[in-house]
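The values are calculated or read from the model by the stated rules, or taken from the named source; none is laboratory data. Because the structure is predicted, anything quoted here is derived from the model rather than measured. Positions of Cβ are backbone-derived with ideal geometry, glycine not excepted, and every protein chain shown enters the neighbour counts. Calculation scope for accessible area: heavy atoms of the full protein, side chains included, ligands and nucleic acids excluded. Shrake-Rupley method; radii C 1.70, N 1.55, O 1.52, S 1.80 Å.
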Amino acid sequence: MITTDVLAPVVATVREIQQETQDTFTLTLETPEPFNFKPGQFNMLYIPGAGEAAVSISGDVTQPHELIHTIREVGNVTRGLVALKPGDQLGVRGPFGRPWPMDVVDGRDVLVIAGGIGLAPLRPAVLALSAKRAEIGRLTVIYGARSPEDMLYAREFLGWKDAFVARATVDTASPSWRGNMGVVTKLISPVDFDPTRVIAMICGPEIMMRFAIRSLSALGVEDDRIFLSMERNMKCAAGICGHCQYGNYFVCKDGPVFDYDQVRKLFGVKEV
Amino acid sequence: MMKHELHEILRQHDFFKDLPEDDLLVISGCAKMVMIKAGEVLAREGSDANNFYVVRMGKLRIEQQAPAMKPQPIQTIGCGDVAGWSWLFPPYRWSFDVIALEDSRLICLDGACLRGKCENNHSLGYRVVKKFADVLRQRLHAASLQAMDVYAPRED
Ligand SMILES: Cc1cc2nc3c(=O)[nH]c(=O)nc-3n(C[C@H](O)[C@H](O)[C@H](O)COP(=O)(O)OP(=O)(O)OC[C@H]3O[C@@H](n4cnc5c(N)ncnc54)[C@H](O)[C@@H]3O)c2cc1C
Ligand code: FES
C-alpha cells in the first residue's frame with residue numbers, strides 16, 4: 001500500500017556545497033529527522049518554481065544525520081540545486097528504489113564499475129563494502145571519467161587506492177596526465193576477482209554498461225551476478241504514474257538497481 | 001636470457017598463453033627481453049617498425065603527433081598489452097609514438113624474423129594474425145567509445 005508520506009516532501013536545509021568538477025557539485029543537507037537509506041537508493045529533490053529531479057543518495061549509510069547528493073548541472077532542476085547556498089531550503093522525498101545487493105556480497109569478491117556521474121550512486125556501496133572488507137572477498141573499484149578534471153571524489157579515490165584495488169581511467173587528457181587513459185573496460189582484469197563468484201555492480205551511461213557487461217560475460221560472470229543501476233525520467237517515484245516504465249518494470253519501484261538477468265532483453269533497446 | 005626461459009615467459013603472458021607449444025617455441029626464437037625507463041621513447045611515428053612489444057610490467061602511452069599541436073595522448077597500455085602492429089603491414093612504419101610513463105619491462109619481438117616464420121608456416125601465421133586482429137578489434141572498439149564521448153551530457 002502506498003502512503004501519502006512518499007508524496008509529501010520533507011524540508012531539508014543545505015549545510016554545505018562542494019564543487020566536484022566544472023559542472024558537478026556535492027550538497028550536504030540536514031533533515032529534521034535522521035535520514036536512513038540503503039546504498040543505491042535515490043531521493044526526489046524539489047526546488048519551488050523549478051520542479052523535481054531524481055538524485056541518488058551519495059552519502060554514508062552509517063551517517064544518517066547528513067544527507068549527501070552529488071548533482072550534475074544539466075537542466076532546470078539541477079541548475080536550481082547547484083545554485084543553492086548554505087542555509088537554503090529544498091524539498092526531499094524518499095528514499096526510493098531497490099538498493100545494491102549488499103545482502104549477497106558476504107564471502108564473495110565484489111567488482112564495482114562506475115562511469116562519469118555513475119560513481120555517485122555507487123559511493124554509498126563502496127563505503128559500505130569498504131567497511132565490511134573482513135566479511136567479503138576482494139574489493140575492486142574501477143572508474144572511467146571523461147578527463148582527469150571530470151573525476152568525482154578525486155581525493156577520496158586516492159584513499160580508496162590505499163585500502164583496496166581502485167583504478168581510474170579517462171577518455172582524454174593532456175600530456176601531463178600520468179594516469180590511465182582508455183576505456184573503462186580495459187581495467188577489468190580477472191586477476192582481481194573470481195569470475196565464477198564475483199558480484200558486479202555497474203553504473204554509468206548505458207553504452208558503457210553494455211561494454212562492461214560484454215567484458216564480464218566473456219570472462220564467465222553470470223547475468224544474475226551483474227547488477228546495474230538504470231535511469232529513466234521520474235515523476236511520482238512511488239510506482240503510481242508509470243512515467244518511469246521500462247518494459248514490465250517501473251524503475252522507481254522495481255529498480256533503479258536490476259540484475260542483468262531481469263533486463264537483458266530490454267537493455268540496449270531504444271525507447272523501452 | 002636462455003631460450004627456454006623466454007619460452008616460459010611467453011607461455012605465461014596473457015597475449016601468448018593460449019598458443020600451442022610449437023608456436024611459442026618458434027616465436028621465442030624471435031624474442032628478447034628489454035627494459036625502458038620512464039620518459040624514454042619506445043617508438044616514433046614514421047620510423048621503421050622492425051619490432052613489436054609485449055608489456056610484462058609498467059605503463060606506456062600511445063600518442064599521436066599533429067602539426068602545431070602538443071602530442072595527443074590516445075591510450076595507455078600496461079601488463080598484457082601489445083605495442084605495435086605496423087610490423088605486419090608494408091611499409092612497416094610506426095603509426096604512433098610510444099612513450100614509457102613508468103619504468104617498464106617488455107618482450108621485444110623481431111618483426112622481420114616473425115614475418116619470415118609466418119610466411120613459412122601459414123598455420124602459425126594465421127594464429128598470430130588472429131591475435132593481432134583481436135588487438136585491432138579491441139582498439140577499434142575503444143577508439144569508437146572514446147570518440148563517442150559517452151560521459152558528456154546527453155542531447156535528447
Ligand atoms: C534513479 C535516478 C538517479 C539519479 N541520480 C542522479 C545523481 O545522483 N546525480 C545527478 O546529477 N543526476 C542523477 N539522475 C539524473 C537526473 O534525475 C536527471 O539528470 C534529471 O533529468 C535532471 O533534471 P533537470 O531538470 O535538471 O534536467 P532536464 O531538464 O531533465 O534535462 C536537461 C538536459 O540534460 C540532459 N540530461 C538529463 N539527464 C541527464 C543525465 N543523467 N546525464 C546526462 N544528461 C542528462 C537532457 O537530455 C536534457 O538535454 C538520476 C536519475 C535517476 C532516474
Ligand atoms: S515515476 Fe511514477 S511510476 Fe515510477
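Structure summary
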read-out	value
Pick from the stretch B:13-23, criterion closer than 18 Å to B:I77 by Cβ and out of contact with any helix residue (DSSP H, G or I) (no Cβ under 7 Å at 6 or more places or on another chain), ranking: surrounded by the most Cβ atoms within 10 Å (Cβ to Cβ)	B:H13
Filter pass, B:A142 being closer than 16 Å to B:W87 by Cα, more than 16 Å from ligand 1 (Cβ to nearest atom) and either part of a helix (DSSP H, G or I) or in contact with a Leu (Cβ under 9 Å, 6 or more places away or on another chain) (or both)	no
Those residues of the stretch A:16-37 which are in a loop (DSSP other than H, G, I, E, B) and not aromatic (F, W, Y), in sequence order	A:E20, A:T21, A:Q22, A:D23, A:T31, A:P32, A:E33, A:P34, A:N36
Of all residues in the stretch A:110-120 being open to solvent by less than 10 Å² (accessible area, probe 1.4 Å) and out of contact with any Phe, Trp or Tyr (no Cβ under 7 Å at 6 or more places or on another chain), the one that is farthest from ligand 1 (Cβ to nearest atom)	A:V110
Residue within the stretch B:57-78 that is in a loop (DSSP other than H, G, I, E, B), within 14 Å of chain A (Cβ to nearest Cβ), touching a helix residue (DSSP H, G or I) at 6+ places or on another chain (Cβ under 7 Å) and open to solvent by 80 Å² or more (accessible area, probe 1.4 Å) present	no
In the stretch A:231-249, the residues that are open to solvent by 50 Å² or more (accessible area, probe 1.4 Å) and either within 14 Å of chain B (Cβ to nearest Cβ) or within 10 Å of ligand 2 (Cβ to nearest atom) (or both)	A:E231, A:R232, A:N233, A:K235, A:I240, A:C241, A:H243, A:Q245, A:Y249
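Residue by residue, here is whether (1) part of a strand (DSSP E or B); (2) within 14 Å of chain B (Cβ to nearest Cβ); (3) open to solvent by 20 Å² or more (accessible area, probe 1.4 Å); (4) touching a helix residue (DSSP H, G or I) at 6+ places or on another chain (Cβ under 6 Å) holds:
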residue: A:S174; (1), (2), (3), (4): no, yes, yes, no
residue: A:P190; (1), (2), (3), (4): no, yes, yes, no
residue: A:M209; (1), (2), (3), (4): no, yes, no, no
residue: A:V257; (1), (2), (3), (4): yes, no, no, no
residue: A:D261; (1), (2), (3), (4): no, no, yes, yes
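Residue-wise test of (1) away from every other protein chain (no Cβ under 14 Å); (2) within 14 Å of the chain's Cα centre (by Cα); (3) buried (at least 16 other Cβ atoms within 10 Å of the Cβ); (4) of a type outside the set (S, T, N, Q).
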{"residue": "B:Y126", "(1), (2), (3), (4)": "yes, no, no, yes"}
{"residue": "B:R137", "(1), (2), (3), (4)": "no, yes, no, yes"}
{"residue": "B:A142", "(1), (2), (3), (4)": "no, no, yes, yes"}
{"residue": "B:Q146", "(1), (2), (3), (4)": "no, no, yes, no"}
{"residue": "B:A152", "(1), (2), (3), (4)": "no, no, no, yes"}
